[in-house]
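Everything below concerns the one structure shown next.
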Amino acid sequence: MFIWFAVLSAVFVAVVFRSPTIDHRTVVVGSLAPLVEAAVGGPRVLHSVVGAVAIMGVVMVATRNSRLLRRRLLGVPIGLMCHLVLDGSFARTDVFWWPVSGFDFAPGQIPEVSHLGVSLGLEVIGLVVAVWSWRLFGLHHPARRRRLRDHGRLDLA
């Protein structure tokens, strides 16, 4: 349940945005954050588009005087939104549109746990994408690995 979200979110953001300044480490943190809701018994705020947008709003307001910090923290809500796409939360109105669809949280476990067999298959796909992206981003070069580790940067080779 981790590799699928972490790898695909980082790859999607790197390929789609092609931003040399986004911190992909925070994208990974954001993509994994909704998994903590398994501990509280089901999908809550982090599986909702309203939650992701609210967190983006907080980041924008809280960092209005620091562009560097904003650039780094914007990866968190972007990762949250990637998670919503990758786990299929959008297919459950009561989860995706909370609280617009009602203030009661959706019953049941988070989507990743409720379809555990599919999630394990997606982990295997995530491993395949990780191997492919290792070459795509040229991570066989120590300098590129250091840049990812120290600054969160992924550059297309």
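The numbers here are math on the coordinates, done by the rules we state, and not lab data. What you see is a predicted model, and the numbers here were worked out from it, not measured in a lab. Because the Cβ atoms are built from the backbone with ideal geometry, glycine has one as well, and the counts that use them run over all protein chains shown.
Worth pointing out:
- The residue among SER66, VAL50, PHE96 whose Cα reaches farthest toward the positive pole of the charge dipole of region 37-102, with charges on the beta-carbon of Lys, Arg, Asp and Glu, is SER66.
- Residues whose placed amide H lies under 5 Å from that of LEU154, excluding near-sequence neighbours: HIS24
- Based on C-alpha pairs under 8 angstrom that are at least 6 apart in sequence, the chain has a relative contact order of 34 percent.
- Annotation for region 1-100: chymotrypsin sites (Phe, Trp or Tyr not before Pro) lying in DSSP loop with at most 16 further Cβ atoms inside 10 Å of their Cβ are PHE2, TRP97.
- Of the residues GLY117, VAL131, PHE105, the one whose Cα sits farthest toward the positive end of the charge dipole of region 104-149, with +1 on the Cβ of Lys and Arg and -1 on the Cβ of Asp and Glu, is VAL131.
- Between ALA143 and ASN65, the contour length at 0.36 nm per residue exceeds the alpha carbon distance by 24.9 nm.
- Look at where the Cα atoms of region 61-139 and of region 1-44 average out, and the two centres are 5 Å apart.
- Top of GLY30, GLY108, GLY126 by mean-square fluctuation, Gaussian network on the chain, Cα under 10 Å: GLY108
- Only alpha carbons enter this Debye calculation for region 3-151, each as an equal point scatterer, and the log10 of I(q)/I(0) it gives at q = 0.15, 0.16, 0.18 Å⁻¹ is -0.80, -0.90, -1.07.
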